[in-house]
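*Asks:* First, the structure itself, so that you have it in front of you.
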Amino acid sequence: MDSQSNLTPPLCAKGCGFFGSPEKKNLCSECYRDYVKEEESVAAETAKKLSQLVINTPSAANYKSPAVLTDETTSSSAAAAASSSTVKINRCECCNKKVGLLGFKCRCEKTFCGVHRHATEHSCTFDFKTLGRHILAEQNPLVVSDKLHTRI
């Protein structure tokens, strides 16, 4: 009788009523499949959290210590400072008036003051007619009826 009890497989560890197998941690096939899915989702969540926590560090090739400054680095930093100091002041393309925050950007990609903001005032080179035709062609497709009236 002891030999028969050893031959019967154990019941599922989750208690679903099916037989489990020792290779699958004493779980039945369905419970083991659910267990594997759960483990994969937990692993994916931890990987996602780790990827969000990775801190970008500067590479050693780009890092230079402040004690080691050469003429090359100082001249390149001076050139960068000079280029950043030459900020373009917004001015009207027609009258050269400072426009500040009120500058109007036209479709011809130029900035104008309040007087010259209209296309007729500054001889705009942008083709508004072609743009309008293009928009109408996209919004209103051509509707053509079938030439054969007897076609089903």
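*Asks:* Does Glu30 fit the bill of being modelled with pLDDT of 85 or more, in a helix (DSSP H, G or I) and exposed (fewer than 10 other Cβ atoms within 10 Å of the Cβ)?
*Replies:* Considered against the rule, which asks whether it is modelled with pLDDT of 85 or more, in a helix (DSSP H, G or I) and exposed (fewer than 10 other Cβ atoms within 10 Å of the Cβ), Glu30 comes out as no.
*Asks:* I would also like to ask the following. Could you run through the range 124-152 and say how many residues are exposed (fewer than 10 other Cβ atoms within 10 Å of the Cβ) and in a loop (DSSP other than H, G, I, E, B)?
*Replies:* 13
*Asks:* Which pairs have Cβ atoms under 7 Å, sit 6 or more apart or on different chains, and link a residue in the range 33-46 that is open to solvent by less than 80 Å² (accessible area, probe 1.4 Å) to one that is outside any helix (DSSP H, G or I) and not acidic (Asp, Glu)?
*Replies:* These pairs meet every condition: Tyr35/Leu27.
*Asks:* Evaluate the following for Cys95: is it modelled with pLDDT under 90 and assigned to a loop (DSSP other than H, G, I, E, B)?
*Replies:* The answer is no for Cys95.
The values are calculated or read from the model by the stated rules, or taken from the named source; none is laboratory data. Please read all numbers here as calculations on a predicted model, not as lab measurements. Using ideal geometry, Cβ is built from the backbone for each residue, glycine included, and neighbour counts are taken over all protein chains shown. Ligands, DNA and RNA are stripped out before the accessible areas are found, and what is left, the full protein with its side chains, is counted by its heavy atoms. Shrake-Rupley method; radii C 1.70, N 1.55, O 1.52, S 1.80 Å.
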